[in-house]
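Undergrad: Here you go, one structure.
The values are calculated or read from the model by the stated rules, or taken from the named source; none is laboratory data. What you see is a predicted model; the values in this text were computed from it and never measured. Please note: Cβ atoms are built from the backbone with ideal geometry, for glycine as well, and neighbour counts cover all protein chains shown.
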Amino acid sequence: METYQKIFLALAAVTAVVIFYVSTMQFPPNPFPQFSLTSLLYHTGIFFLFTLFLLLSGMPRLNKEFIFVVLLVSFVYGALDELHQFFVPNRVADIFDFGKDAAGSLISLGFLGLMRRLRR
């Protein structure tokens, strides 16, 4: 494994720890739980980074199987994150948050594909 691949894998691991840590935090109740700009930016942004780092750890040879595994890991981690919040006081497991997580992962995949296409 190349040095930069190890660095990206380490960044993905750090991002996963940040996601877990933020999931343990308690926030004041939101009167509009389905829409919060802060929540939207956090969920899509953090899972964008998480997925991007995982994808970059597999460069330069990204094949369909690797991409599938990365997306599976990202989606499962997002689902487990929401399940974890079910057990944290004053937090709820929210399907909309999972959707934001998944959107961030898919945007990351599209972003990387666009960057690779522009480099050619």
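Undergrad: Looking only at the stretch 79-92, which residues are surrounded by 15 or more Cβ atoms within 10 Å (Cβ to Cβ), within 10 Å of residue 23 (Cα to Cα) and not polar (S, T, N, Q)? Even if it seems obvious, please write down each step before you answer.
TA: Narrowing the stretch 79-92 to residues surrounded by 15 or more Cβ atoms within 10 Å (Cβ to Cβ): 79, 81-82, 84-85, 91.
Applying the additional criterion that residues be within 10 Å of residue 23 (Cα to Cα) yields 81-82, 84-85, 91.
Once the filter is applied, which keeps residues that are surrounded by 15 or more Cβ atoms within 10 Å (Cβ to Cβ), within 10 Å of residue 23 (Cα to Cα) and not polar (S, T, N, Q), the stretch 79-92 yields 81, 82, 84, 91.
Undergrad: What residue, of 53, 48, is in contact (Cβ under 8 Å) with a residue 60 or more places away in the chain and not in a loop (DSSP other than H, G, I, E, B)?
TA: On the way: 53 fails: in contact (Cβ under 8 Å) with a residue 60 or more places away in the chain.
Selected residue: 48, the only one of 53, 48 that is in contact (Cβ under 8 Å) with a residue 60 or more places away in the chain and not in a loop (DSSP other than H, G, I, E, B).
Undergrad: Looking at (1) basic (Lys, Arg); (2) free of Cβ contacts under 8 Å to residues at least 24 places away in the same chain; (3) closer than 15 Å to residue 46 by Cα, find the lone condition where residue 64 falls short.
TA: Residue 64 satisfies all of (1) basic (Lys, Arg); (2) free of Cβ contacts under 8 Å to residues at least 24 places away in the same chain; (3) closer than 15 Å to residue 46 by Cα except (3).
Undergrad: Another one. Residue 27: modelled with pLDDT under 95 and of a type in the set (A, V, I, L, M, F, W, C), yes or no? Outline the logic, then answer.
TA: On the way: modelled with pLDDT under 95: yes; of a type in the set (A, V, I, L, M, F, W, C): yes.
So residue 27 fits the description; yes.
Undergrad: Within the stretch 67-120, which residues are in contact (Cβ under 8 Å) with a residue 40 or more places away in the chain, among the small types (Gly, Ala, Ser) and touching a Gly at 6+ places or on another chain (Cβ under 9 Å)?
TA: Answer for the stretch 67-120, where residues must be in contact (Cβ under 8 Å) with a residue 40 or more places away in the chain, among the small types (Gly, Ala, Ser) and touching a Gly at 6+ places or on another chain (Cβ under 9 Å): 102, 104, 105.
Undergrad: Of the conditions (1) assigned to a helix (DSSP H, G or I); (2) under 21 Å from residue 16 (Cα atoms); (3) of a type outside the set (Asp, Glu), residue 115 satisfies every one except a single condition; which number is it?
TA: (2)
Undergrad: Just checking, does the stretch 72-80 include any residue being in contact with a His (Cβ under 9 Å, 6 or more places away or on another chain), over 19 Å from residue 115 (Cα atoms) and part of a helix (DSSP H, G or I)?
TA: Here is the first cut: in the stretch 72-80, the residues in contact with a His (Cβ under 9 Å, 6 or more places away or on another chain) are 78.
Keeping just the survivors that are over 19 Å from residue 115 (Cα atoms) gives 78.
From what's left, part of a helix (DSSP H, G or I): 78.
Scanning the stretch 72-80 turns up at least one residue that is in contact with a His (Cβ under 9 Å, 6 or more places away or on another chain), over 19 Å from residue 115 (Cα atoms) and part of a helix (DSSP H, G or I).
Undergrad: What's the number of the only condition in (1) closer than 16 Å to residue 23 by Cα; (2) aliphatic (A, V, I, L, M); (3) crowded, with 20+ Cβ neighbours inside 10 Å that residue 76 fails to meet?
TA: (3)
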